[in-house]
Amino acid sequence: MFPTPIQQTSKFTQISYRVALPATIILWLLPLAAVLMTSVRSIADINAGNYWGLPEEWMLVENYTAVFANTNMARYLLNSVIITVPVMIASVALATLAGFSLAKYRFRGRIALFATFIGGNFVPFQILMIPVRDLTIQLGLYDSVWALIIFHTAFQTGFCTLFMRNFIIDLPDELLESCRLEGASEWKIFTRIIVPLVRPALAALAVLIFTFVWNDYFWALVLVQSDEVRPVTAGISALRGQWLASWQLISAGSIVAALPPVILFFAMQKHFIAGLTLGATKG
Amino acid sequence: MTLKKLLAATAVSTLMMTGAQAGTLVINSNQSDPAPKAAWGELIADFEAANPDIDVQVNEYDHEGYKSAIRNWLVTSPPDIVFWFAGNRMKYFVDRGLLEPVTDVWENNNMYQNFGSTRASMTVDDEQYGVPATYYQWGMYYNADIFEQYGLEEPQTWEEFIEVCETLKANGVTPITIGTKFLWTAAGWFDYLNLRTNGLDFHIDLMDGKVPYTDERVRQTFANWRELIDGGYFLENHASYSWQEAQAPLLNGDAAMYLMGNFLTPSFPEGSNYDFFQFPQIDPSVGMFEDAPTDTVHIPSRAKNKADAKRFLAYVAQADVQTQLNLGLNQLPPNAQAEAGDNKFLVQGLEMLSEADGTAQFYDRDTDPAMAKEGMKGFQEFMVNPDRLDRILENLEKVRQRVFR
Amino acid sequence: MTTQLKTNALSAVAKAQRPTAASRWHTLTPYLFLLPALALFAVYVIAPIFQSIWISFFEWDGIGDKTFIGLGNYAELLEDPQFWTSLWNNVLWLVFFMLAVPIGLGVALFLNQQVLGIRAVKSLFFFPFVISQVIVGVVFSWFYDPSYGLLQRFLGFFGVDPIPILASETLVTYGIIAAGLWPQIAYTMILYLTGLNNLNPDQIEAARMDGAHGWTMLWKVIIPQLRPATFIAMVVTVIGALRSFDLVATMTSGGPWGSSSVLAFFMYEQAIFSYRMGYGAAIATVLFLIMLVYIGFFLWRMLRAERG
């Protein structure tokens, strides 16, 4: 509706719009395009300043093989998966329980607890560093995947709870009441009624959490440090030191590291955006 | 957790009662780069072969991450052997009771004789706390072809050095390459300028926080440094580059000299003509002191298998073992009976260090970590904005007063 | 499982004869549902906030004993030039990161058309947001690199000498913020696109009848209707600005000489590299107090909406 649909404007505007659209998208993605092209060049090409022409020699296979053959990239990717997937499942599960409770029961401290989740969710998480690191060390979990899994689950639970509560509160109360009248237990109501109804929200949340946790760098620096557990974000920045000015390898490595969330995003776009924009229309 | 500890404790005591039985020796290593990893791997394999009753388990860590991680293990559940650094870095843990004295290892293995040059850096209150495994020299690496082209000789004195820089600059060659993005390269320059200007005793006093940074003698060091900065001898935009990125101008002939540690030399391509000279003398009345960072092995005081750990330390101290290890590392063996590799950089380095009037470890190993962080930032800022010297020194002095309170 | 059995059994019993027990279980149920999430969240998020504040009153190197020094760390902060630099950079982040909101709106308006392939264009526009900040940092470091970088090629084209943006104390923070804006604009754009989808067509038609168009229309009719989207966009941008760490860490490590540091990075550096836990905790507390202003505002608005 707004701005005026392009079809109703002058021929000139229409043509300029159709030209401007691809132009802006190219400009917008220029840094990425450059990285993509750099990742298939040879170092000689880069040193000679050939940025935009076709590569003198195509190093696609060589560069991408080098990334996997000479480094722990495969291990880093696997670590990221090992960390991200459990967090995704656990935080969404915990938050669905909590969200249901906050949305559909009236009890003392309900608002205060909800506010706690929101507030905790918004803190600059770096301020938690010293105590969380200490706690992790004392639990003997430092430098293990569990250190990251537990922390991320806890932290993401805040966001997920906020999200789930807002979703569940819109479900009709009558549904729950009629079940209660038929004698269903609260747990049964949760598993049989709530869980199936929140399925779309579950998907949206899962995609979001995957992206957040996959892209985490701070905690990967603070809670783990050996190659066996280090996720891909920390791995790639360590590799940068090793590869010196080999920008073709750094580029190829970055592309590999970025791929999983990008693929997930394009596959689940609708859910992803639905998750992110919750609250952009009301509230 | 407690059960595990209990079991481990029982295992250790049984071991002690029955003498040597198969024990596990856990080693945490920061030597994760390919060459050092291979050299240490070989040493450990030989050690295991020589001691079939010991089963070694190695955990490898990245060099930087190790520095903060070690603090956690030492207090919680340490391995039996840790890799670390001599001097102040070691003393920090010794003062907190986290490292085991190994004076008996020194006594039983004739180490006082063979490790004369590093003994002081391993000693706190007359006790030794570890065994040095390897060290390396710092100095000026240069492109000999460029020197030849402009008829230059290795400079011995400050005046000659300035002259060399001047000639190079006049011919469009960057005299000195450096990349200060990660700060410590600038500390190398500070160390050498201060050692040459004021000598080792003063330098160590400064590192120990006993002298103010605003001292006139420190200012003299910076005045010498400034001569090079004002001459425009350092690589432009050096704050943008890491030490590796700053190699590029040296390797492609745009720059002639690099003040660096010997770990630079594997980057020189096969058949290229690079050479080494000692950092020139500034004041003839001051001795020739060098930076020679020493890497060491230690036993945490809470280690479980100290008996086998001591056997490992004694093994690392052996002359033939040190020879072999340092060939692999391309560094120098601290044991005077061991032989150094015969490439021209190691030969010159060994000669230089054996004639040195004394050695320091390196700025960030010799002083407190909090001081080092601020100090190195100050050096970088000075190299870009020498006019801010007063403000920089005042700030460093404030940090010194706080850190060494 | 146990909960289920218990509630089942109890509700059965309760239905038969004892309504009081049932109501007791009824009051407990919401807490039971809440418990796992709350426990984890309390231990790992809420408690550490208070622990951080507590630690900030001590001098502590992380392994030795803690020494109580009262407000000593805060007194030192006031005199530490690095603190003021970092705080100032956080202010710059808060101010310039906000550009993501109007620019995001601009892009959303530009893309809010029904033409062939617009869906693909929208997702391409959005996708920098999906990429890790570490990679954004790597990409932009390369972009700014004085000897290899794209930007320098571009400047060279106009005969300008290379500008080492990330090594210049005056430009470096802006350089990093620019890198941060790239994914952030994508985020605000998507929020606004969703907002635009939910505009009330009647109001727009009515305004058109009254002769409003272009800027007047945007300012008087559209933007007021987009208020929820603007609110969320501002909240996420403020949070992003205060959390800025990844880009600083990957692009400059706070350099040159600490001039691009922000509070989050300053704290990390003090705690991890200088082993000053108490001092680091004091920095964290300051960061938290700044955020508290925004959290307070957000909660207040949220609760008002709940009640109203």
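Geometric descriptor of chain C, per residue, is 256 Å³ (volume of the convex hull of the Cα atoms).
Building the convex hull from the alpha-carbon atoms of the protein assembly as shown and averaging its projection over directions returns 47.1 nm².
Take every pair of alpha-carbon atoms less than 8 Å apart whose residues are at least six positions apart; their mean separation over the length of chain C yields a relative contact order of 27 percent.
Computed from phi, the 3J(HN,Hα) profile of segment B:308-324 under the Karplus parametrisation 6.51, -1.76, 1.60 (θ = phi - 60°) reads 5, 4, 5, 4, 5, 4, 4, 5, 4, 6, 4, 4, 5, 5, 5, 4, 4 Hz, with x in place of Gly and Pro.
Close amide H contacts of residue B:24 (hydrogens built in the peptide plane, cut-off under 5 Å, sequence separation of 5 or more or a different chain): B:55. Computed over the alpha carbons of segment C:94-145, Rg followed by Dmax gives 13.9, 40 Å. Within the listed set B:361, B:348, B:137, the residue fluctuating most in the Gaussian network model of chain B (springs between alpha-carbon atoms under 10 angstrom) is B:348. Largest GNM mean-square fluctuation across A:99, A:109, A:253, computed for chain A with C-alpha springs under 10 Å, falls on A:109.
If you wrap segment C:192-308 in the convex hull of its Cα atoms and look at it from every side, the mean projected area works out to 11.0 nm². Scaled to the globular estimate 2.2 N^0.38 Å, the Cα spread of segment A:6-67, given as radius of gyration, is 1.67.
Evaluating 6.51 cos²θ - 1.76 cosθ + 1.60 at θ = phi - 60° for every residue in segment B:351-363, the Karplus couplings come out as 4, 4, 6, 6, 9, 5, 7, x, 10, 10, 8, 2, 3 Hz, glycine and proline recorded as x. Remark: for residue pairs C:122/C:220; B:373/B:398; A:104/A:188; B:304/C:66; B:210/B:377; B:67/B:377, the C-alpha separation exceeds 23 Å in C:122/C:220; B:304/C:66. Taking chain C as a Gaussian network of alpha-carbon nodes connected by springs under 10 Å, the highest mean-square fluctuation of the residues C:145, C:246, C:80 belongs to C:80.
Karplus-derived 3J(HN,Hα) values for segment C:87-100, using 6.51 cos²θ - 1.76 cosθ + 1.60 with θ = phi - 60°, are 5, 4, 5, 4, 5, 4, 4, 4, 6, 7, 5, 4, 4, 4 Hz; glycine and proline are entered as x.
Charge tally for residue B:299 (other residues, Cβ to Cβ under 13 Å; Lys, Arg +1; Asp, Glu -1): 0. Angle of helix B:2-18 to the longest C-alpha principal axis of chain B, folded into 0 to 90 degrees and rounded to 10: 80°. Mean partner shielding of peptide C:249-261, defined as the number of other chain Cβ atoms within 10 Å of each residue Cβ, is 5.
Relative to the dominant Cα principal axis of chain B, helix B:158-170 is inclined by about 70°.
Taking only the C-alpha atoms of segment A:69-276, the Rg (one decimal) and the largest Cα-Cα distance, Dmax (whole number), read 19.8, 70 Å.
Helices assigned as whole DSSP H runs in chain A whose Cα atoms extend at least 27 Å along their own long axis and whose mean Kyte-Doolittle hydropathy is 1.6 or higher are found at A:247-267. By the beta-carbon count within 10 Å of each Cβ, the least crowded to most crowded order of A:106, A:230, A:192, fewest first, is A:106, A:192, A:230. Principal-axis analysis of the Cα atoms of chain B puts helix B:216-230 at an angle of about 60° to the longest axis. Take the Kirkwood radius over Cα pairs of chain B, plug it into Stokes-Einstein at 37 °C and 0.692 mPa s, and you get 146 µm²/s for translational diffusion. Taking amide H atoms as placed 1.01 Å from N in the peptide plane, the amide H of residue B:134 lies under 5 Å from those of B:295, each 5 or more residues away in sequence or on another chain.
Near residue B:291, the amide H atoms lying under 5 Å from its own belong to B:138, B:360; only residues 5 or more places off or on other chains count, and H is placed 1.01 Å from N.
Each value in this text was obtained by applying a stated rule to the coordinates, not by laboratory testing. What you see is a predicted model, and the numbers here were worked out from it, not measured in a lab. Please note: Cβ atoms are built from the backbone with ideal geometry, for glycine as well, and neighbour counts cover all protein chains shown.
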